[in-house]
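Read the figures in this text as sums done on the coordinates, not as results from a lab. Small disclaimer: the values here were computed from a predicted structure and weren't measured. Ideal geometry is used to build each Cβ from the backbone, glycine not excepted, and the neighbour counts take in all protein chains shown.
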Amino acid sequence: MNRAAVAAFAAGVLVTAGVFIALGGLPAAQSSASEATPSPGAIPRMPDGTPDLTGVWLGGSTNDYNIPDLLALYQPWARTQMETLSEKDDPTLRCMPYSYPRAFTTPHPVQVVQHQNPGVVVVLTETLHSFRVIPTDGSPHPVDIMYPTYQGDSVGRWEGDTLVVDVVGFNDRTWLVDGREEPSGWVHSDALRVTERWRLVDANTLEYVATVEDPKVLTGPWTQQPMRVKRAPFNKVFEAVCLDTTTHALAEAAARQP
């Protein structure tokens, strides 16, 4: 696939986002476009028959998504490092973006924009604003050079009605789990690999499952419990800018916690 064409399409998607600067907090986006929510029922599909994941999805999990199992997989040296960290060290308090699968465990909106030609899925994260471009035409990861990033490099493929996404090329600056989850300090390395499975359960419900592998930090793979998120009653995320004044207040508040 022509990556320049994909990049151009993604840039067009980003331009359509509204602008909203959050100071002292990051409230969920709202819009007057309540008609963005289709009626429950048949799964929407693209012209080629693949499910259409396009929409804004409200994250947040109602279960522990297997955190005890993840903790048990940390190698001894990594567990020792975890014990030196606390919630105030959470990278998101310093404007670093959520990575995946953590982004879907927050209550903040995630927008998916799907396109058929070229085959690509763009994922926009509202809070700590970031984006992902996922080719779905079989394009491989870059073979010449791949710079480590917060979101990694994603490539997708369809297995029936499930979008399977392979993500590699991470840096080591994000956490796998929210810093409020004890013992905190959910670190990973640049060897992190995430395999995601995105599936529409119905027109208004998206199921997300991720398997995490990190041979430098974990003793084996960890698969979270499936998370089901609902379609939002609005049709676009806003730009929630993270500023130093915001994160300083959050970090100070976290540091005061007993």
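Rg and Dmax over the alpha-carbon atoms of segment 89-129 stand at 12.5, 42 Å. Spin-label pair Glu239-Lys216: with each label point 7 Å from Cα along the Cα-Cβ axis, the two points sit 3.3 nm from one another.
Is the C-alpha gyration tensor of segment 142-212 telling us rounded, prolate or oblate? Criteria: a/c under 1.5 is rounded; beyond that, a/b larger than b/c is prolate, otherwise oblate. In terms of gyration-tensor shape, oblate. Only Cα pairs under 8 Å and 6+ residues apart enter the sum, and on that basis the relative contact order of segment 89-244 stands at 21 percent. A full extension of the chain between Asp190 and Asp52 corresponds to an added length of 46.5 nm, given 0.36 nm per residue minus the alpha carbon distance.
Projected label points at Arg94 and Glu182, each 7 Å from Cα along the beta carbon direction, are separated by 2.5 nanometres. Is any residue of segment 92-118 close enough, with backbone N under 15 Å, to a label point placed 7 angstrom from the Cα of Thr149 along the Cα-Cβ axis, and if so, which? Hits in segment 92-118 for Thr149 at 15 Å: 97-100.
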